[in-house]
Amino acid sequence: MRISRFGRKIKQRSGISQLMVDLGEAFGGDMLMLGGGNPAHIPQVEAVFRRQMNELLSKDGVFERVIGDYDPTQGNSEFVEAVCGLLRAECGWDVKPGNIALTTGSQSAFFILFNIFGGAYEDGTSKKILLPIAPEYIGYSDVGFAEGLFAANRPDIEHIDEHTFKYHIDFDRLNVGEDIGAICVSRPTNPTANVLTDAELAKLNTIAMAKGIPLIIDNAYGPPFPNIIFTEARPVWNENTIVCMSLSKFGLPATRTGIVIACEEVIAMVSEMNAVMSLGTASIGAAIATELVRSGEIIRLSREVIRPYYHAKAKLAVDRLCELLEGVEFHIHKAEGAFFLWLWLPGLPITDVELYRRLKKRGVIVVPGHYFFPGLDEDWRHKHECIRISYAQDDRRVRAGLEVIADEIKLTYGAD
Ligand SMILES: Cc1ncc(COP(=O)(O)O)c(C=O)c1O
């Protein structure tokens with residue numbers, strides 16, 4: 001079959017598609033799935049979703065409208081207005097409904113935004129998306145039409161104690177030249193659980209403003225919802241910032257509801273792309289969540305149920321892994337948010353991919369670390385010494401998975 005360059009790019013198996021295949025296989029069988037980004041099923045939160053769904057079903061004509069009408073290209077107006085009110089009240093942001101658009105999950109927002117700001121410009125130049133700190137989210141890797149869309153920066157590494165470390169942006173190395181079209185960070189970061197400090201974010205904001213390029217903040221796990229963050233961090237937005245949020249980690253990944261907050265010019269382009277790619281945005285997530293947003297229940301659930309739930313799991317997973325890896329040289333990134341452990345094994349005698357394969361054979365799925373460095377092409381051993389472990393599954397399965405991971409790591413060091 002003869003296909004375009006774009007077709008070829010899609011045809012090559014990308015990091016994220018390999019991950020999705022494994023995810024599918026793992027859910028089908030007995031695998032211990034410590035690999036994917038699926039959020040936990042939290043009964044208290046699910047009961048609220050069920051209640052909201054029953055509300056939709058019980059009111060005359062409401063359910064029929066939700067499934068029978070296209071929503072506008074900017075997304076469901078009632079939901080957009082409710083989100084606008086919540087962001088004004090909770091975050092103090094000076095936003096209007098015209099600053100908000102929905103997308104088919106926030107993943108598709110990145111596809112839209114990276115192709116708006118990265119790639120070929122009319123003046124003949126070509127611009128990249130700068131990831132000021134790598135490791136970064138695997139899902140960014142393949143969204144660009146243009147080749148080599150990303151530039152990325154190695155982090156500074158702070159050792160907090162024997163087994164805990166934290167990445168920081170290395171501003172001395174950060175080169176924001178004319179070839180950069182936008183800066184993007186996830187906060188909290190998938191895969192590392194890092195939360196960039198307010199000072200780091202303020203500095204990025206100043207740089208972006210000075211260069212006249214947008215700062216994109218991927219807030220899939222952050223405040224005000226789902227608020228899976230175990231440290232203090234102020235949510236920021238201004239006309240030069242594009243904040244991307246989502247209902248996925250709140251517990252609604254299947255509804256594919258992304259939320260973009262940006263200046264009106266960007267929102268208009270996002271809406272246009274929604275029209276081109278899918279006519280309208282998905283309605284069901286907005287329909288389930290509108291009342292939760294309007295009443296503020298989404299904030300209460302995030303603060304009182306979701307954050308403590310993941311925080312307790314993070315502590316359990318870190319403590320257990322530290323116990324199990326006794327005697328091995330290892331470092332875990334400080335768990336500041338999201339639901340992943342980022343495990344660094346300095347001097348690992350095999351690659352991250354080989355460790356992933358051995359674990360898969362033993363029924364445990366993790367994600368090899370090197371996928372999380374889009375745009376960082378330089379040879380850096382660290383890239384192959386890390387794995388990402390999700391602890392979102394139930395504690396029994398997480399514990400069982402961690403035991404296998406630790407055992408395999410010990411065997412690796414002993415045998416090679
Ligand atoms: C950091 C980050 N951003 C964005 C997404 C995309 O989420 P969704 O498209 O479900 O909103 C994910 C999903 O795992 C993520 O981890």
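Some points to look at:
- Alpha carbon centroid spacing (whole Å) that separates region 63-81 from region 182-242: 29
- Among the trypsin sites (Lys or Arg not before Pro) in region 338-393, those located in a DSSP loop and surrounded by at most 16 other Cβ atoms within 10 Å of their own Cβ are Arg362.
- Structure-based [θ]222 nm, the chain - -39500 (n - 2.57) summed over DSSP H runs of at least 4, per residue, nearest 500: -12500 deg cm²/dmol
- Cleavage-rule hits, chymotrypsin sites (Phe, Trp or Tyr not before Pro), region 133-188, DSSP coil, Cβ neighbours within 10 Å at most 15: Phe145, Phe171
- Region 228-344: radius of gyration over Cα atoms, expressed as a fraction of 2.2 N^0.38 Å: 1.37
- Filtered chymotrypsin sites (Phe, Trp or Tyr not before Pro), region 350-416: DSSP coil and at most 15 other beta carbons within 10 Å: Trp380
- Ligands, DNA and RNA left out, the 1.4 Å accessible surface of the chain is 51% carbon and sulfur atoms.
- Cross-link partners for Lys96 among the aspartates and glutamates, with Cα-Cα distance under 18 Å and sequence neighbours closer than 8 places in the same chain left out: Glu78, Glu81, Glu239, Glu264, Glu265.
- Choice from Leu196, Leu316, Leu215 with maximal GNM fluctuation in the chain (Cα, 10 Å cutoff): Leu316
- Here the spin labels are modelled as points 7 Å beyond Cα on the Cα-Cβ line, and at Tyr413 and Met209 they lie 4.7 nm apart.
- Restraint check, Lys361/Lys383; Lys128/Lys203; Lys127/Lys334; Lys9/Lys127, Cα-Cα greater than 25 Å: Lys127/Lys334
- Relative contact order, whole percent, for region 112-223 stands at 27, derived from Cα pairs under 8 Å and 6 or more residues apart.
- Taking 0.36 nm per residue of separation and subtracting the current Cα-Cα distance, fully stretching the chain between Asp30 and Glu81 would add 14.0 nm.
- Considering only alpha-carbon pairs that sit under 8 angstrom and 6 or more positions apart, the relative contact order computed for region 225-382 is 22 percent.
- C-alpha center-to-center spacing [region 138-178, region 370-404] in angstrom: 16
- When the P(r) is computed for the chain, the part past 28 Å accounts for 48% of the Cα-Cα pairs.
- Distant-in-sequence amide H partners of Phe230 (H built 1.01 Å from N, under 5 Å): Gly337
- To the nearest 10, the accessible area of Arg307 is 70 Å² with a 1.4 Å probe.
- Cβ-derived FRET efficiency at R0 56 Å, Ile67 paired with Asp377, nearest 0.05: 0.75
- Residues of the chain: accessible area per residue with a 1.4 Å probe, Å²: 43
The values are calculated or read from the model by the stated rules, or taken from the named source; none is laboratory data. None of these values were measured; they are calculated from a predicted model. Don't worry about glycine lacking a Cβ; one is built from the backbone with ideal geometry, like all the others, and counts go over all protein chains shown. Please note that ligands, DNA and RNA were not included when accessible areas were found on the heavy atoms of the full protein model with its side chains. Shrake-Rupley method; radii C 1.70, N 1.55, O 1.52, S 1.80 Å.
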